[in-house]
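Accompanying notes for the structure given below.
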Amino acid sequence: MPKASATWLIKQCVEFVEKTEENIEMIPGYTRGLYALLHGSGDNFDVVYIGMSAEGGVRKRLKAHLKSQKKKDEWTHFSIYEVHDNIQPKIVAELEGLIRHIFSKDKAANFLAKQKQYEEIVHVSSDLDKWLVSWKCKNCLETALSNGRPDGSDCTKASKHSWERV
Ligand SMILES: [Zn+2]
């Protein structure tokens, strides 16, 4: 019986593989997931680029990077993180977007192209003082979502709701 995977997203990965056509050819064509282009040796690898193939085709992406005039000399190694078969393409896209987003203003991140912020993350971004928190009334157990303490009136079990953060 195959061993149950300990990871929810990643099925398998290869890391810090030398950039050669032969190595890239060994990646199955259907491979879906994230990949990183790296530059370095030994224990030091700078991330040059983070990409993904949500629908399958990591090998094709790496081949394109290999031939790209702009990028081909910028990386020496690569890593691939294949997602489980049941992980939807939109999850792969979000994961890649999140990683890029985290690095989007990092001076030390030596990404080839200025990688964009992930729009969907921008849409859900907030300020700490607007961070929504859940509240629950200790008396009637009604719940509310608010960035401040919700109104205290109209409790069915007492004169006022007695809110506590949950
Ligand atoms: Zn109440």
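Couple of notes before you dig in:
- Selected residue (criterion: surrounded by the most Cβ atoms within 10 Å (Cβ to Cβ)) from residues of region 34-83 that are free of Cβ contacts under 8 Å to residues at least 12 places away in the same chain and of a type in the set (Asp, Glu): 73
- Filter result (surrounded by 14 or more Cβ atoms within 10 Å (Cβ to Cβ) and within 17 Å of residue 57 (Cβ to Cβ)) within region 14-33: 14, 23, 24, 27, 31, 32, 33
- Pick from region 73-117, criterion more than 17 Å from the chain's Cα centre (by Cα) and among the hydrophobic types (A, V, I, L, M, F, W, C), ranking: modelled with the lowest pLDDT: 113
- In the set (1) in contact with a helix residue (DSSP H, G or I) (Cβ under 8 Å, 6 or more places away or on another chain); (2) surrounded by fewer than 19 Cβ atoms within 10 Å (Cβ to Cβ); (3) small (Gly, Ala, Ser); (4) within 21 Å of residue 27 (Cα to Cα), the condition left unmet by residue 93 is number (1).
- Restricting the search to strands (runs of 3 or more DSSP E) fully inside region 49-160 and requiring at least 2 residues that are within 16 Å of the ligand (Cβ to nearest atom) gives 133-137, 143-146.
The values are calculated or read from the model by the stated rules, or taken from the named source; none is laboratory data. Fair warning: this is a prediction, and the values are worked out from it, not measured in the lab. Ideal geometry is used to build each Cβ from the backbone, glycine not excepted, and the neighbour counts take in all protein chains shown.
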